[in-house]
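The values are calculated or read from the model by the stated rules, or taken from the named source; none is laboratory data. Because the structure is predicted, anything quoted here is derived from the model rather than measured. Glycine also receives a Cβ, built like all others from the backbone with ideal geometry; neighbour counts cover every protein chain displayed.
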Amino acid sequence: MKIYVDADACPVKDEVYRVAIRHGIAVVVVSNSGHRMPAHPLVSQHMVGPAFDAADDWITEAITPGDVVVTGDILLAERVLKAGASAVAHDGRIFTSAMIGSAVAQRALMADLRAGMVGITGGPPAFSKADRSRFLQALDLLLVRAQNQAGGS
């Protein structure tokens, strides 16, 4: 089992490193550019080219069932679930097969609405301490669940 981090816009990389090292699980940071990482044998980086979705494509090819992917990208999360791995968003939302279809549809609807609203700007709310706490709990839950499944197989 490994943790893959879709890193270019990830606000919880440091939290991932701490949790992964505590659990003894390898982390692969996937990005278009370099990121500061701890000097630890469990933490590595894979840089991809600048092509659109290059990181998503690489992660999708690299993951195996039981891996965990940290991403805020709903379309990547959908691909991860189809590959039999788990996905968790930066705010602690665990993506599941039961909810991913509606999340993808909502994403498409919001993109259409934004495209039709000239002059509308903004983005998601600011990342909060509560988001960080939910993320830590969700990541820990996914790792324990994956380790239990691997041990029970």
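For V43, indicate whether it is in contact with an Asp or Glu (Cβ under 7 Å, 6 or more places away or on another chain) and among the hydrophobic types (A, V, I, L, M, F, W, C). Steps first, answer last, please.
Working: in contact with an Asp or Glu (Cβ under 7 Å, 6 or more places away or on another chain): no; among the hydrophobic types (A, V, I, L, M, F, W, C): yes.
Taking the combined requirement at face value, the residue does not satisfy it.
Could you pull out the residue among T60, T64, T71 that is under 22 Å from R93 (Cα atoms) and exposed (fewer than 13 other Cβ atoms within 10 Å of the Cβ)?
T64
A quick yes/no check of all residues on (1) closer than 19 Å to A89 by Cα; (2) among the basic types (K, R); (3) modelled with pLDDT of 95 or more:
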{"residue": "M1", "(1), (2), (3)": "yes, no, no"}
{"residue": "A7", "(1), (2), (3)": "yes, no, no"}
{"residue": "Y17", "(1), (2), (3)": "yes, no, yes"}
{"residue": "H23", "(1), (2), (3)": "no, no, no"}
{"residue": "V27", "(1), (2), (3)": "yes, no, yes"}
{"residue": "V30", "(1), (2), (3)": "yes, no, yes"}
{"residue": "G34", "(1), (2), (3)": "no, no, no"}
{"residue": "P41", "(1), (2), (3)": "no, no, yes"}
{"residue": "S44", "(1), (2), (3)": "no, no, yes"}
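Kindly provide the set of residues from segment 21-41 that are buried (at least 16 other Cβ atoms within 10 Å of the Cβ) and without any contact (Cβ under 8 Å) to a residue 60 or more places away in the chain, ordered by number.
Scanning segment 21-41 gives I21, A26, V27, V28, V29, V30, S31, M37.
Have a look at A83, A54 and point out the one that is buried (at least 16 other Cβ atoms within 10 Å of the Cβ), at pLDDT 90 or above and hydrophobic (A, V, I, L, M, F, W, C).
Sole residue among the options that is buried (at least 16 other Cβ atoms within 10 Å of the Cβ), at pLDDT 90 or above and hydrophobic (A, V, I, L, M, F, W, C): A83.
Just to be sure before I move on: is T64 among the polar types (S, T, N, Q), in contact with a Lys or Arg (Cβ under 9 Å, 6 or more places away or on another chain) and at pLDDT 90 or above in the structure I sent?
yes
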